[in-house]
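Working notes for the structure below.
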Amino acid sequence: MKTSNKLLIGLVLLLFSFPLILVMGFKAAIKADRYIVKNNNGYEVSAPKEVKAFTAIKLNGIPFTTEFGLKAHIKYGDKFSYFIKNYDMANPEEGRTDSCRIRLVGDTLLVEYTPRQSIRIDEPNYSYGIEIDITIPQSVPVIASATSITIDSSAAALGAMNFALSAGSLDIRPIATIQGEPMPQPVVFQKITVNAHHASIKIGDQVNIKNLELGLDGTSDISFREATSIDTISGHISEASFFNAPYRYSKFLK
């Protein structure tokens, strides 16, 4: 057989086998949980990703005026995992430019938010920011900068929780109130410790905290109402910080 014929046959075989190679590779990626699905609107969704146990969470965001590009929802579950949602279902934008890097550094889950451009796209349906759900089966300290954090009501099963915030916010409330659902049964947290620097803390109604320890520095603030129950509160508050809560609790802060 001539060399040219051999080359032609080889090329034909390669053309017919290439789709099979792609299918096999895609199946292998799905099996290994290494795939991302991208829809025709230009945004991406990823499947929940299980990770090995970590002993701390570090969240690094970037502030945009009074808002933050990184939003984290922490909840209780059977396994360590995370789920990224970097789109708005109600307003799917065209050409989002944000990104999020997640990796394990030692025993710490590190989440880094990086906008690929510093100005907003001039589109009426454009929105920036990335949301991540983090599921943990046991309590771990959370260190966050320029991040908006919400705590699911089921996280009360974790017991004591510790937060170190810088230029961010922490919202502790039953998840149903965040989603606009009817008020659930009171949520009881055994102990919550928050050290905040230029950060904001909100505690929702029907939340019961047995022991709240606060360290408010810079221009931080904390807000809760009479419908919130706190058995004991201790710590300190800087002169530039704000205590937007029933006055009787403030006397326990230095």
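The values are calculated or read from the model by the stated rules, or taken from the named source; none is laboratory data. Because the structure is predicted, anything quoted here is derived from the model rather than measured. All Cβ positions, even for glycine, are placed from backbone atoms using ideal geometry, and neighbour counts span all protein chains on display. For the accessible areas, the whole protein counts, side chains as well, though only heavy atoms, and no ligand, DNA or RNA atoms are used. Shrake-Rupley method; radii C 1.70, N 1.55, O 1.52, S 1.80 Å.
Taking 0.36 nm per intervening residue step and subtracting the Cα-Cα distance, what contour gain separates residue 208 from residue 78 on full extension?
Values: separation 130, 0.36 × 130 = 46.80 nm, distance 2.35 nm.
Stretched out fully, the residue 208 to residue 78 stretch lengthens by 44.4 nm.
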Worksheet item: Quick one: Karplus J couplings for segment 165-173, per residue in order, coefficients 6.51, -1.76, 1.60, θ = phi - 60°, nearest Hz, x for Gly and Pro?
Response: 10, 9, 6, x, 8, 10, 10, 10, 6
Fill in: Accessible solvent surface per residue of segment 205-249, calculated while the other protein chains remain in place, 1.4 angstrom probe, Å²
49
Response to the item:
Spelling it out for residue 233: with amide H atoms placed in the peptide plane at 1.01 Å from N, the residues 5 or more places away or on another chain with amide H under 5 Å from its amide H are 212
Worksheet, complete the sentence: Here, residue 99 and residue 217, labelled 7 Å along Cα→Cβ, have an inter-label distance in nm of 3.3
Discussion item. Give me a comma-separated list of calculated 3J(HN,Hα) values for segment 240-254, in order, Karplus coefficients 6.51, -1.76, 1.60 applied at θ = phi - 60°, integers in Hz, x for any Gly or Pro.
Written reply: 8, 8, 10, 10, 9, 7, x, 4, 4, 7, 5, 5, 8, 9, 8
Worksheet item: Taking the Cβ-Cβ separation of residue 253 and residue 154 as r and a Förster radius of 41 Å, what is the calculated FRET efficiency to the nearest 0.05?
Response: 0.90
